[in-house]
Structures are given as C-alpha cells and as structure tokens.
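Every number here is computed from the coordinates shown, using simple stated rules; none is lab data. The structure presented is a predicted model; accordingly, all values stated were derived computationally and were not measured. Glycine gets a Cβ as well: all are built from the backbone with ideal geometry, and neighbour counts include every protein chain shown.
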Amino acid sequence: MFKTNEYFDGKVKSIAFEATEGATTIGVMAEGEYEFGTSTIEFMTVTSGVMTVQQPGETEWKDYKEFETFRVEKDVKFKVKVEGDTSYRCLYK
C-alpha cells in the first residue's frame, strides 16, 4: 500500500510506493528553502517547476528543470530552493 510523508510543516509532501526500479516517492514542495538528509543514494527527477540544488561540499547552486535528474550520495545533507510549487520523483538505491 502507499505511504504518505509530510515534512517542513506540510510544505513538502510525498507518496511512497514500490516501482519496478525500486523504492520511489512522488512529491511536491511549496516555495521555500529546504535541507534534506539521505540514508540511501537518491536519484531526484524534477517533474514540474525548477529545483535549485546545493550538493554537499559544494558552494555553488545548480538549477534542475523539468525532466532533469540529479544524484545525491548516501548519508549526506543537501539543500534545495524552489521559487514556486514544484514536483519531483525520487528513486532510492
């Protein structure tokens, strides 16, 4: 069955499910800036809007647009900024 998750006072919400590729979430973020932690490798794909991401150990931010994917390593924290409601798919490996 599906599992729903809510973070940052409801500003980030997701639904978890088991896809053929593995554990996956589909989610939405309201405008804002967030810091996430990982426990597995994550492949984040923007499905609507733009995510501006600062990877761990980096000083620069990079924009990811619709259908672009970035990888985040296991056991790290990364920062995300969105200027409007943005949706994503996250595949956990």
Legend entry - strands (runs of 3 or more DSSP E) contained entirely in the range 17-93, each with at least 3 residues that are small (Gly, Ala, Ser): 22-29
Legend entry - Residues being among the hydrophobic types (A, V, I, L, M, F, W, C), surrounded by fewer than 17 Cβ atoms within 10 Å (Cβ to Cβ) and in contact with a Phe, Trp or Tyr (Cβ under 6 Å, 6 or more places away or on another chain) - total across the range 46-93: 1
Legend entry - Hits in the range 11-32 (condition: charged (D, E, K, R) and in contact (Cβ under 8 Å) with a residue 60 or more places away in the chain): GLU21
Legend entry - Every residue from the range 25-46 that is within 11 Å of TYR92 (Cβ to Cβ) and over 11 Å from the mean Cα position of the chain (by Cα): SER39, THR40, ILE41
Inset, instruction - Read through the list (1) surrounded by 11 or more Cβ atoms within 10 Å (Cβ to Cβ); (2) in contact with a Ser or Thr (Cβ under 9 Å, 6 or more places away or on another chain), then give the number of the only condition that PHE8 fails. - result: (2)
